[in-house]
Amino acid sequence: MKYLDEFKDPVIAKRMIDDILATATQRWTLMEVCGGQTHSIIRNGVDTLLADAVEFIHGPGCPVCVTPLEMIDRSLEIAARPDVIFCSFGDMLRVPGTDKDLFSVKADGGDVRVVYSPLDAVNIASDHPDKQVVFFGVGFETTAPANAMAVVTARQRGLTNFSMLVSHVRVPPAIRTIMDSPVTRVQGFLAAGHVCTVMGTAEYGPLVEDYQVPIVVTGFEPLDLLEGIRQTVALLEAGTPALRNAYPRAVSPQGNPVAQKVLADVFEVCDRQWRGIGMIPASGWQLSPAWREFDASLRFDVDDIHTAEPEACHSGEVLQGLIKPFECPSFGTLCTPRTPLGATMVSAEGACAAYYEFRRLQVPTKVS
């Protein structure tokens, strides 16, 4: 398969691993921002193969994982209403709220539907004019343009029964928050290639300058990751922090101007709560005043729902790279994919899910 199998070649991978190990004169600490990269690193054993040269810290790059608990509870409140068809991507249905998840609402009779595109939800609203149709708009810069276009399409069709529960977050402010932490150990970043495909690379240059850390835009297949790691280690060894693009087949410096235009029209930057981390200024998007009529939080008056994280869940520390998943006392015991305490255990991009699937027999499940 073009652009997939070519980037899994084990012979080339071995050569790149040897090059990284030969270049590193010390063990460097890198954070991969994207949860998809985390799963690829753990699944392919990149972290163990490079253990002498690199320690990987898993960052807050899973949009499902960082969706705040209060937003999940708002979705549950809306989805349980008899006049609502609640639409979401499938990875949100098992994310635990305070007392239940969307699957539980569905089991109790709520009309909760899995869709594969936000435009599917718009079509459902068109087909069911007697129902309020709500789409759960979650994600980073990658999914935001499609969600913005769903709102635009709903207005073009004159649909008054469509709205969106928006929980969009932005990567650069999260990186800034991580680097501002007095306990951060991050020495370099692997930036998420799909985010930069949309937004370009301009927002990362100031981060390099402000914190003197290299940032390398990286893809997701083994060779993509190894090339990003190779460039980051080389920059660290040279003592020359810089911004590099190791994913040029997908990422250009300017990104996607068409997508950026619709984002600027439909959304506005806002402060956003991140699950397990807290409030990060200017780290999210909300519908702009011209599109606020499609805001499900306002339509259903759920903005006043605020909740606290369960004390037994340490996903916030995992998302900030302060601990590995297996260092959480609840990992594999109180918290499993069947009985998750946090989204990092159930999301397809969650670090805890990656360790549970690929490493739970190789690492301790409890700390002393």
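The values are calculated or read from the model by the stated rules, or taken from the named source; none is laboratory data. If you're wondering where the values come from, they're calculated on a predicted model, not measured in any experiment. With ideal geometry, Cβ positions are generated from the backbone for all residues, glycine too; neighbour counts draw on all protein chains shown. The protein model used for the area step is the full one, side chains on, heavy atoms only, and it has no ligands, DNA or RNA in it. Shrake-Rupley method; radii C 1.70, N 1.55, O 1.52, S 1.80 Å.
The accessible area of residue 100, taken with all protein chains in place and a 1.4 Å probe, comes to roughly 80 Å².
Relative protection proxy for 269-282, 289-302, from highest mean packing down: 269-282, 289-302 (other beta-carbon atoms within 10 angstrom). Beta-bridge orientation, the chain: approximately 20 percent antiparallel, per DSSP, counting only bridges with both partners inside. Any chance you could check the Cα centroid distance between segment 212-253 and segment 152-203 for me, in angstrom? Centre-to-centre distance over Cα atoms comes out at 20 Å. Here the chain is assigned +1 on the Cβ of each Lys and Arg and -1 on the Cβ of each Asp and Glu. Its dipole about the Cα centre then comes out at about 540 debye.
Estimated from helical segments only, the mean residue ellipticity of the chain at 222 nm is -10500 deg cm²/dmol, where each DSSP H run of four or more residues counts as -39500 (n - 2.57).
Distances between placed amide hydrogens fall under 5 Å for residue 55 paired with 28, 29, 30, all partners being 5 or more residues away or on another chain.
Highest mobility in the GNM of the chain, judged by mean-square fluctuation with C-alpha springs under 10 Å and restricted to 140, 220, 89, is found for 89.
Per residue, the chain exposes 42 Å² of accessible surface when a 1.4 Å probe is rolled over the protein heavy atoms with every protein chain present. Cysteines of the chain lacking any other cysteine Cβ under 4.7 Å from their own Cβ: 34, 87, 196, 270, 313, 328, 335, 352. For the chain, modelled as a GNM whose springs connect Cα atoms under 10 angstrom apart, the maximal fluctuation among 38, 232, 25 occurs at 25.
Sparsely packed loop sites in segment 141-220 (the trypsin sites (Lys or Arg not before Pro) outside DSSP H, G, I, E and B with at most 16 other Cβ atoms within 10 Å) comprise 157, 185. Ignoring ligands, DNA and RNA, what percent of the accessible area of the chain is carbon or sulfur (1.4 Å)? So the carbon and sulfur contribution to the accessible surface is 53 percent. Are any of the pairs 100/261; 8/261; 100/324; 14/324 more than 31 Å apart by Cα-Cα distance, and if so, which? Violating the 31 Å limit, Cα to Cα: 100/261; 8/261.
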